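Below you'll find the structure, written out as structure tokens, and then a few comments.
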Amino acid sequence: MTEADFSDAFFSRLETLSLQLQSTLSGYFGGKHLIKKYGQTVEFADFREYTIGDDIRRIDWNLFARFEKYFLKLFTDERQMHVQFFLDCSASMDVYPGKAAYALGLAAALGFLAVRNTDKISFHLLKDGAVLDPFGMLVGKNSFFGAVGALKKISFEGEADFAACVPSVPSTGTNDGLSVIISDFLTENRWQKAVDYLLYKKRQVLLLQVLDPSEIAPGDSGRFDLIDAESRELGDPRNLRLKISRPMLDEYADEFRKWIEEIKHFCLSRGADFLSVNTATPIEKTIFRDLFRCDLIR
């Protein structure tokens, strides 16, 4: 695996950005995300008429002097969110140089933006049919950078079982933040069930697909043994011996476009965000350009 760029320079370039999560989320007290609920901050939001039981200290006496009616001042509320990352650590994510590093870089970049907003974050690693939570809940830059250093050493092997593993994570709260799934989605596993579960939990969901240029547009032709990177058996039917021709590559391109459109349509129908990333694109361009277009960062 090509090592991800977790340098000070990489993170310093992100200092001007922040995560923009849905205002309908509830979260926890003490954060920096404005939500569509009234609270106790100093930022004025609106007025409403006084009703019996309201705190009389919030009555606006200037309005009472003008209208001879009692009105309360309402202020915005700010909350802390939980941003969780489900990182595909299966073997297919490390077939091409730089693919795994790119995925780790995206996770680290979004994680850094979260801790800058005083949000809580967690990393969940999916491989060998299981999910690992090596760091627990992280709050603050010190704990984040400790986890980032350990992320460099993780191995990519086996298969990722999204459908079974994502719902098994006990720390997934309800309506309290963002869930990010980072994968190539080159799997027969029903990852859609994982997305539906997270949406059932009323979480904001982002799918980041990381692909190597050779997976998007393979250019080789001739006779090849195609070995599934996640296959453990020599007789696995996914392993094929093929003569790859130009018509076959054209058919692959058509099927690839249909596959991407299916993922986009699924996410659009569920209200989830989806971004497919080519590792040939500099990661800064993906963050500063493409994630801006998703209205995820500002």
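The values are calculated or read from the model by the stated rules, or taken from the named source; none is laboratory data. Here the structure is a predicted model, which means the values were calculated and not measured. Note that we place each Cβ from the backbone using ideal geometry, even for glycine, and neighbour counts take in every protein chain shown.
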>> Of everything in the stretch 177-197, what is touching a residue at least 40 places away in the same chain (Cβ under 8 Å), under 22 Å from Pro134 (Cβ atoms) and of a type outside the set (Val, Ile, Thr)? Give them in sequence order.
In response: Gly177, Leu178, Ser179, Ser183, Asp184, Ala194
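What are the residues in the stretch 93-113 that are hydroxyl-bearing (Ser, Thr, Tyr) and surrounded by 23 or more Cβ atoms within 10 Å (Cβ to Cβ), if any?
Start the filter on the stretch 93-113 by keeping residues that are hydroxyl-bearing (Ser, Thr, Tyr), which leaves 96, 102.
Tyr102 - this is the single residue of the stretch 93-113 that is hydroxyl-bearing (Ser, Thr, Tyr) and surrounded by 23 or more Cβ atoms within 10 Å (Cβ to Cβ).
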> Out of the stretch 113-136, which residues are of a type in the set (A, V, I, L, M, F, W, C), within 25 Å of Phe10 (Cα to Cα) and more than 16 Å from the chain's Cα centre (by Cα)?
Replying inline: Phe135
> How many residues, within the stretch 250-284, are at pLDDT 95 or above, of a type in the set (Val, Ile, Thr) and in contact with a Phe, Trp or Tyr (Cβ under 8 Å, 6 or more places away or on another chain)?
Replying inline: 3
>> For the structure I just gave you, tell me whether Lys141 is under 14 Å from the mean Cα position of the chain (by Cα) and basic (Lys, Arg).
In response: no
>> So the check is Cβ under 7 Å with 6+ separation or different chains; which pairs have a first residue in the stretch 6-19 that's within 11 Å of Ile287 (Cβ to Cβ) and without any contact (Cβ under 8 Å) to a residue 60 or more places away in the chain and a second one that's among the acidic types (Asp, Glu) and assigned to a loop (DSSP other than H, G, I, E, B)?
In response: none
> Taking helices (runs of 4 or more DSSP H) that fall entirely within the stretch 148-249, which contain at least 3 residues that are within 15 Å of the chain's Cα centre (by Cα), surrounded by fewer than 21 Cβ atoms within 10 Å (Cβ to Cβ) and modelled with pLDDT of 95 or more?
Replying inline: 191-200
> Restricting the search to the stretch 54-97, which residues are modelled with pLDDT under 70 and of a type in the set (Gly, Ala, Ser)?
Replying inline: none
> So which residues in the stretch 119-143 are of a type in the set (D, E, K, R), free of Cβ contacts under 8 Å to residues at least 40 places away in the same chain and buried (at least 22 other Cβ atoms within 10 Å of the Cβ), if there are any at all?
Replying inline: Lys127
